[in-house]
Amino acid sequence: MDYRESHKQRGCSYDKYLTDEPFDAYMTEIEHNILRKIIPSLFPNTLPTYLDFACGTARITSLVSPLTKHSFGVDISESMLEKAKEKCPSTTFVHKDITKESLDIEPVDLITSFRFFGNAQDSLRSEALAKLNKLLKKDGYLLINNHRNPWSLKYILGRITGGESELDLSPRKLQNLLNKNGFRIKKTYGIGTWVFRNSLINSRRLNSKLARYLELLSKLPGVHLISPDAVIIAQKYK
Ligand SMILES: C[S@@+](CC[C@H](N)C(=O)[O-])C[C@H]1O[C@@H](n2cnc3c(N)ncnc32)[C@H](O)[C@@H]1O
């Protein structure tokens, strides 16, 4: 199924799915902590304008919009946007496929797009990045994640033991895609490197004190290459 179609009716169940899945809830918590640190460091004075592309139910919009004067969210799923509007009443949400129609807003200072690129098909990834480049101001920042890294220990071990094998967005492929579309990676934060066996994926382990120490492993240089999720700061260079 085309990725554009797969989320159209998911507004009611998406948030519950992410909170109920222990590893998704874990990645969300760490992603939020990273964003709370990096956004004020990228925009120490003020964040004038912000767009969340493929915002879904505003999981990320709701975290970033309080830090900005003008925020926008865009998504192709009406049911996801309904939930988003409840969470962020002061954000302007637009129901549109920006790869097909133009989004009539001035270029913004920051764009986020989470849980989109890892899932999307190659053609959609490229079309979206080309459009996002136009929607971002010169030197503006794009913050994305890749929660489906085929180089991660978790997926390599999973594949050996017969798990899913369709993941294709490796760190190198993502870097090339970003470069081709006018973005340069400034920094990558790995997440959950230590969670490489399914037996580690339960709420008790993931919420333990030990997990907080093991998570420090993800911060070691280069370790993001084998992490199952990563937050990436990219800057527009052309
Ligand atoms: C997995 S959800 C991620 C939602 C949110 N960014 C998050 O991190 O929770 C992916 C979202 O991408 C949206 N989407 C897929 N194709 C899109 C497109 N061409 N333009 C805008 N949104 C799109 C879907 O409707 C869905 O809400």
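The values are calculated or read from the model by the stated rules, or taken from the named source; none is laboratory data. What you see is a predicted model; the values in this text were computed from it and never measured. Positions of Cβ are backbone-derived with ideal geometry, glycine not excepted, and every protein chain shown enters the neighbour counts.
Restricting attention to segment 125-146, and to residues there that are part of a strand (DSSP E or B) and within 12 Å of the ligand (Cβ to nearest atom), which single residue is nearest to Lys238 (Cα to Cα)? Even if it seems obvious, please write down each step before you answer.
Going residue by residue through segment 125-146, those that are part of a strand (DSSP E or B) are 136-145.
If we keep only those that are within 12 Å of the ligand (Cβ to nearest atom) as well, we get 143-145.
Details: Leu143: 17, Ile144: 18, Asn145: 21 Å.
Across segment 125-146, the extreme among qualifying residues is Leu143.
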Answer from Ser62, Ser41 - the residue that is of a type in the set (S, T, N, Q), closer than 26 Å to Gln235 by Cα and in contact with a Cys (Cβ under 9 Å, 6 or more places away or on another chain): Ser62
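Which residue is modelled with the highest pLDDT, if the candidates are limited to segment 170-208 and must be aliphatic (A, V, I, L, M) and over 22 Å from Leu35 (Cα atoms)?
Leu177
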Some residue of segment 214-237 being free of Cβ contacts under 8 Å to residues at least 24 places away in the same chain, surrounded by fewer than 18 Cβ atoms within 10 Å (Cβ to Cβ) and aromatic (Phe, Trp, Tyr): no
Residues satisfying the stated conditions in segment 147-162, i.e. without any contact (Cβ under 8 Å) to a residue 12 or more places away in the chain and part of a loop (DSSP other than H, G, I, E, B): Thr161, Gly162
Where Lys209 falls short, out of the listed (1) more than 21 Å from the chain's Cα centre (by Cα); (2) closer than 21 Å to Leu132 by Cα: (2)
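Just need a number here: residues in segment 116-134 that are of a type in the set (Gly, Ala, Ser) and free of Cβ contacts under 8 Å to residues at least 40 places away in the same chain. Please lay out each step first, then the result.
The initial filter retains those residues of segment 116-134 that are of a type in the set (Gly, Ala, Ser), namely 118, 120, 123, 126, 128, 130.
Within this subset, residues satisfying the condition of being free of Cβ contacts under 8 Å to residues at least 40 places away in the same chain are 123.
Summing the residues that are of a type in the set (Gly, Ala, Ser) and free of Cβ contacts under 8 Å to residues at least 40 places away in the same chain in segment 116-134 gives 1.
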Counted residues, segment 101-128 - those being under 16 Å from Phe183 (Cβ atoms) and under 10 Å from the mean Cα position of the chain (by Cα): 5
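Which of the following residues is of a type in the set (Gly, Ala, Ser) and free of Cβ contacts under 8 Å to residues at least 24 places away in the same chain: Ser79, Ser113, Ser102? Spell out how you get there, then give the answer.
Working: Ser79 fails: free of Cβ contacts under 8 Å to residues at least 24 places away in the same chain; Ser113 fails: free of Cβ contacts under 8 Å to residues at least 24 places away in the same chain.
The unique qualifying residue is Ser102.
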Looking only at segment 114-124, and only at residues there that are near the ligand (Cβ under 9 Å from one of its atoms) and in contact with a helix residue (DSSP H, G or I) (Cβ under 8 Å, 6 or more places away or on another chain), the one that is modelled with the lowest pLDDT: Asn119
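Between Leu157, Leu169, which is out of contact with any strand residue (DSSP E or B) (no Cβ under 9 Å at 6 or more places or on another chain) and within 17 Å of Glu31 (Cβ to Cβ)? Full working, then the answer.
Numbers: Leu157 fails: within 17 Å of Glu31 (Cβ to Cβ).
Of Leu157, Leu169, the one residue that is out of contact with any strand residue (DSSP E or B) (no Cβ under 9 Å at 6 or more places or on another chain) and within 17 Å of Glu31 (Cβ to Cβ) is Leu169.
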Residue in segment 36-59 that is surrounded by 16 or more Cβ atoms within 10 Å (Cβ to Cβ) and over 25 Å from Phe183 (Cβ atoms) present: yes
Candidate set: segment 65-100, residues that are away from the ligand (no atom under 12 Å from the Cβ) and among the β-branched types (Val, Ile, Thr); chosen: the one farthest from Arg125 (Cα to Cα): Thr68
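Quick one: which strands (runs of 3 or more DSSP E) lie wholly within segment 1-113 and hold at least 2 residues that are at pLDDT 95 or above and under 30 Å from Asn202 (Cβ atoms)?
108-113
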Residue in segment 38-49 that is in contact (Cβ under 8 Å) with a residue 12 or more places away in the chain, within 15 Å of the ligand (Cβ to nearest atom), within 22 Å of Lys187 (Cβ to Cβ) and under 17 Å from the mean Cα position of the chain (by Cα) present: no
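Residue under question is Ile232, and the condition is that it be modelled with pLDDT under 95, among the hydrophobic types (A, V, I, L, M, F, W, C) and on the phi < 0 side of the Ramachandran plot; does it hold?
Numbers: modelled with pLDDT under 95: no; among the hydrophobic types (A, V, I, L, M, F, W, C): yes; on the phi < 0 side of the Ramachandran plot: yes.
Here the answer is no, as Ile232 does not meet what is asked.
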